[in-house]
1. Among the residues in the range 335-342, are any within 30 Å of Ser182 (Cβ to Cβ) and modelled with pLDDT under 75?
2. I'd like to know if the range 344-361 contains one or more residues that are open to solvent by 20 Å² or more (accessible area, probe 1.4 Å), at pLDDT 85 or above and more than 23 Å from the chain's Cα centre (by Cα).
3. Restricting the search to the range 204-231, which residues are hydroxyl-bearing (Ser, Thr, Tyr) and at pLDDT below 85?
4. Might you let me know whether the range 199-206 holds any residue that is more than 28 Å from Val509 (Cα to Cα), assigned to a loop (DSSP other than H, G, I, E, B), touching a Leu at 6+ places or on another chain (Cβ under 9 Å) and open to solvent by less than 30 Å² (accessible area, probe 1.4 Å)?
5. Sort through Trp219, Trp192, Trp167 and tell me the only one that's surrounded by 18 or more Cβ atoms within 10 Å (Cβ to Cβ), assigned to a helix (DSSP H, G or I) and touching a His at 6+ places or on another chain (Cβ under 6 Å).
6. Specify the residue that is farthest from the chain's Cα centre (by Cα); the eligible residues are those in the range 400-433 that are in a loop (DSSP other than H, G, I, E, B) and under 13 Å from Leu291 (Cβ atoms).
7. Given the options Lys518, Lys500, name the one that is more than 30 Å from Ile370 (Cβ to Cβ), out of contact with any strand residue (DSSP E or B) (no Cβ under 6 Å at 6 or more places or on another chain), open to solvent by 50 Å² or more (accessible area, probe 1.4 Å) and at pLDDT below 85.
8. Provide a single number: the residues in the range 222-233 that are in a helix (DSSP H, G or I) and at positive phi.
Amino acid sequence: MGHFSHVEDRHTPKEVYNWRVYFAASISTFAAVMIGYDAAFIGTSIALPSFKVEFGLDKVSASKFAFISANIVSLYQAGYAYGLVVVVSTNWFAHGITAPSLALSLATLSASSTAVRSKTGLRIVYAGRVIVGLAIGAASNLAPIYVAEISPPAIRGRLIGLYELCWQIGGVVGFWINYGVSIHVPPSRRQWLIAFAVQFIPGGLLFVGAWFLTESPRWLVSRDRNNHALRNLSYLRNLPDDHPYVVQEYESIERTIAYERGLVGAGFLGPLRNVFTNKMLIKRLLIGSSLFAWQNATGINAINYYSPTIFKSIGITGTNTALLTTGVYVKLVGSLIWLLYLVDTLGRRYLLIVGSIGGGISMYYIGAYIAISKPVTTAFDGSVALNAGGRSAVAFFYIWTIFYSPTWNGTPWVVGAEFFPQHVRTFTQACMAASNWLYGFLIARFTPQMFLAMGYGVYIFFASLMMLSIFYVFFVLPETKQVPLERMEELFAPGLKPWKAHSVVMARVHEQNAVGAKAPERSSRDLSQKPSHDHSEYS
């Protein structure tokens, strides 16, 4: 595993980059397959004529169908947000041990949305969407936290990025499942039901794999299971427990958690109180949450959930053409490039800025094409073939995808999992994920109405927000690549500019690591009271 490109914060034995840490990260992030699958299948499934006929949606007006489809899609996000509450509670007991039961819930409860017949109406569909969202929210939100805690700093972005890769794999499967049933299954209840039932598979696989997870050493230390933590750290690093690399990392974890516990106590509510009474932690929480707002401002959830509506707006009709032209493979390839090279080499800030520039220009072009050519007025009846301008608009959708996939697609999740200290990480990650799904809920809920009311203005709206995000990222977000989790708060030291913070902090890290692997010099810091990094923001 060590042949992939990475930049180390200190000399690291090659054994650290081993299959065990990749295996644990792959299993825990597999929950994201379900999220990607849902984003891919639900919008096209409810657009199938068989689904519309079964529930009488073929007889309602365009505005009524937009309202109903928005409810079906958005209730999933609402359920996910409630699932985050479950995460905060269960994480007090385990990161990995609770995952099997949560995955079982996911596999079992997803069936509720398939046990539907037209005589029950859409009520069961609505309930099933909420329940599935709750289960997925609980199972998947732990993944970025768990992976951040077990990862060596040099490949932390890559391993957390597996979450995004699984998301895209689920998206590819979802789109092709719908394409397959639309081509090979005659219009019937069975046609749309197959796509709903496939949700069983990723939940079942996660349930099996979760039993093989190695518990997070950082979480174990926070629960006073220190000997177990050292064994697990040694196992994950593939080194003896007395190796200097393992000893240094373990001692850093132990010192940091001991100091944080002294500040907030070991109780369940202590970390929550600490977040909301600490200005610096609130600042980090707001920055992390805002990244998901900017991510949704790219228009990604509008495209994911309403691809038939999106492509009809530029003159492409029918669910099959929408499936083939959504660019799921472009997103998958972009995510692979981001995962294997970009996120840990170029860093987080640069990627987000480049993604906003390219994505914003693409959206402006699409909006201008629709405003000038007005393809909706001629294409919805299917009588006019897609012209050269329409093909160029489709090309710019692909260009938008090329810029979005290796930048905004997964980077906010990486930053969110890195930003916070151990004692509040689960709670803050749940808050940021809840923010993401709140923003996603709003986009999913109102996208159909936006297209009816704004037309090409929707694209101008998203393009303008992407351009604004460039300035936000540059002036507000510090770079986090290769910064050890125990040193992350130094990026937010008073008076340190976000665009300079990374170079300053990494200079300190390299200087201290050069002194010695086992007993780094702590300058004038009080070794008996503080870890090797400055916790003054907490005082």
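1. Looking through the range 335-342, at least one residue is within 30 Å of Ser182 (Cβ to Cβ) and modelled with pLDDT under 75.
2. yes
3. Ser222, the sole residue that qualifies.
4. Checked against the condition, which is being more than 28 Å from Val509 (Cα to Cα), assigned to a loop (DSSP other than H, G, I, E, B), touching a Leu at 6+ places or on another chain (Cβ under 9 Å) and open to solvent by less than 30 Å² (accessible area, probe 1.4 Å), the range 199-206 yields at least one hit.
5. Trp219
6. Going through the qualifying residues, I end up with Phe419.
7. Unique residue meeting the criteria: Lys518.
8. 0
The values are calculated or read from the model by the stated rules, or taken from the named source; none is laboratory data. Bear in mind the structure is a predicted one, so any value in this text is a computation, not a measurement. Reconstructed Cβ throughout: ideal geometry from the backbone, glycine too, with neighbour counts over all protein chains shown. Side chains included, ligands, DNA and RNA excluded: accessible areas come from the protein's heavy atoms. Shrake-Rupley method; radii C 1.70, N 1.55, O 1.52, S 1.80 Å.
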